[in-house]
Amino acid sequence: MSQRGFTLIEMIVVIVITGIIAGVVAIFIRAPVQGYVDSARRAELTDIADTALRRMARDVRSAVPNSVRSPDAQTFEFVQTSDGGRYRSGPPGNRLIFNGSDPSFQVLIGPVLVANDHIVIGSVQSDGSVVYDRMGLRPVSNYNAGTQTITMNQGLLSALEMPTHRFDVIDAAQGAVTYACEGVDTDGSGNGTGVLRRYWNYWDFTTNRTSWATPVGGSNAVLANRVSGCSVEYLLANQDFGLLDVRLTLKEANESVTLHHQIHVNNVP
């Protein structure tokens with residue numbers, strides 16, 4: 001019985017036909033695959049930007065009233081609270097007297113206090129001077145949980161007395177917080193070169209922080225990278241209400257996403 005294999009011409013024909021089919025298939029699937037890759041890249045960039053903006057908004061909502069300030073179009077700072085309450089303003093009990101020499105008061109709603117916490121009362125100045133110049137900022141020297149009495153290192157002046165009788169507790173582990181976009185640009189490959197960085201715990205409250213300066217010491221962390229665009233604007237609608245407008249653009253391989261977030265700032269002390 002005779003046996004017969006493929007001839008060289010038949011093999012060449014098969015290879016050519018297979019190559020043509022593979023080329024046609026590649027042309028048809030290239031666009032969907034590239035679309036999937038681009039979509040996945042945009043989804044990743046969106047997730048990074050959204051997570052950073054949500055963290056930013058959560059922080060700002062716990063800011064000391066009137067402590068938010070923006071020294072430039074890519075930076076803002078505030079002082080973060082951990083708790084708050086109302087001080088006793090009348091008898092019976094240990095009421096707070098704003099005469100500059102009364103350092104202790106009984107609270108109506110007890111806060112949670114830890115070592116190195118500070119009290120802020122009367123922060124109504126839009127420039128944050130009550131906090132940053134320490135006019136209404138006092139370290140807690142003692143807290144008696146039994147009588148719910150807070151003792152500060154010194155008293156407060158009458159100008160700081162508020163009709164709301166409210167005080168805020170500054171988070172000792174956070175203190176002042178700065179969000180800053182750094183190195184914002186785009187490289188030759190179409191990738192953002194900047195980062196959104198969060199700084200905290202760099203101000204120990206022993207000196208005034210009247211003018212904003214780049215944080216030194218403390219801790220910092222990158223919340224978003226590949227930043228190609230960033231803008232920050234703080235708007236004061238009135239004495240009690242502010243709006244922080246943030247726009248963040250992330251870019252990779254010439255694919256970019258821009259998220260715009262407006263954060264309500266409550267300035268009622």
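Could you tell me which label, among (i) 118, 41, 32; (ii) 85, 46, 34; (iii) 71, 38, 37, carries the value of Cα extents along the principal axes in Å calculated for this structure?
Comparing each candidate, only (i) matches the computed number.
Using square roots of five times the C-alpha gyration tensor eigenvalues, list the equivalent-ellipsoid semi-axes of region 81-170 in whole Å, biggest first.
Semi-axes (√(5λ), whole Å): 18, 15, 12.
If packing is taken as the average number of other Cβ atoms within 10 Å across a peptide's residues, how do 132-140, 214-222, 260-268 rank, most packed first?
Going by the mean number of other Cβ atoms within 10 Å, highest first, we get 132-140, 260-268, 214-222.
Can you tell me how region 187-269 classifies by the Cα gyration tensor, rounded, prolate or oblate, using a/c under 1.5 as the rounded cut?
Taking the square roots of the gyration eigenvalues as a ≥ b ≥ c, region 187-269 is oblate.
For region 197-269 and region 34-89, what is the separation of their C-alpha centers, rounded to whole Å?
Measuring centre to centre over Cα atoms gives 7 Å.
Hey, what angle do you get for helix 8-60 against the long axis of the chain, alpha-carbon based, 0 to 90 degrees rounded to 10?
For helix 8-60, the angle is close to 0 degrees.
How high is the relative contact order of the chain, in percent, counting Cα pairs under 8 Å that sit 6 or more residues apart?
20 percent
Residue-wise, which Karplus ³J(HN,Hα) couplings in Hz belong to region 124-139, taking 6.51 cos²θ - 1.76 cosθ + 1.60, θ = phi - 60°, and x for glycine or proline?
Values, residue by residue: 10, 7, 5, 7, x, 4, 4, 8, 5, 8, 6, 5, x, 10, 9, x Hz.
Given springs between every Cα pair under 10 Å in a Gaussian network model of the chain, which of 16, 25, 120 has the largest fluctuation?
Result: 16 has the largest fluctuation of those listed.
Does region 57-128 come out rounded, prolate or oblate, given a ≥ b ≥ c as the square roots of the eigenvalues of its C-alpha gyration tensor, rounded meaning a/c under 1.5 and, failing that, prolate meaning a/b above b/c?
Prolate.
Run the numbers on region 81-170 and let me know its relative contact order in percent, using alpha-carbon pairs under 8 Å that are six or more apart.
Relative contact order here is 41 percent.
Top mean-square fluctuation among 52, 224, 40, Gaussian network model of the chain, C-alpha springs under 10 Å?
Of the options given, 40 has the highest mean-square fluctuation.
With a 10 Å radius around each residue's Cβ, average the other Cβ atoms per peptide and rank 203-212, 99-108, 178-187, highest first. Each step should come with its number before you reach the end.
Working: 203-212: 13.9, 99-108: 15.7, 178-187: 17.4.
With the highest mean Cβ count within 10 Å placed first, the list reads 178-187, 99-108, 203-212.
In terms of modelled amide H atoms, which long-range or inter-chain residues lie less than 5 Å from the amide H of residue 186?
193
How much length, in nm to one decimal, is gained on full extension between residue 243 and residue 142, taken as 0.36 nm per residue of separation minus their Cα-Cα distance?
32.8 nm
Only the coordinates and a few stated rules stand behind these numbers; no lab work does. Here the structure is a predicted model, which is why all the values come from computation and not from measurement. When we count neighbours, we look across all protein chains shown, and the Cβ atoms used for this are built from the backbone with ideal geometry, even at glycine.
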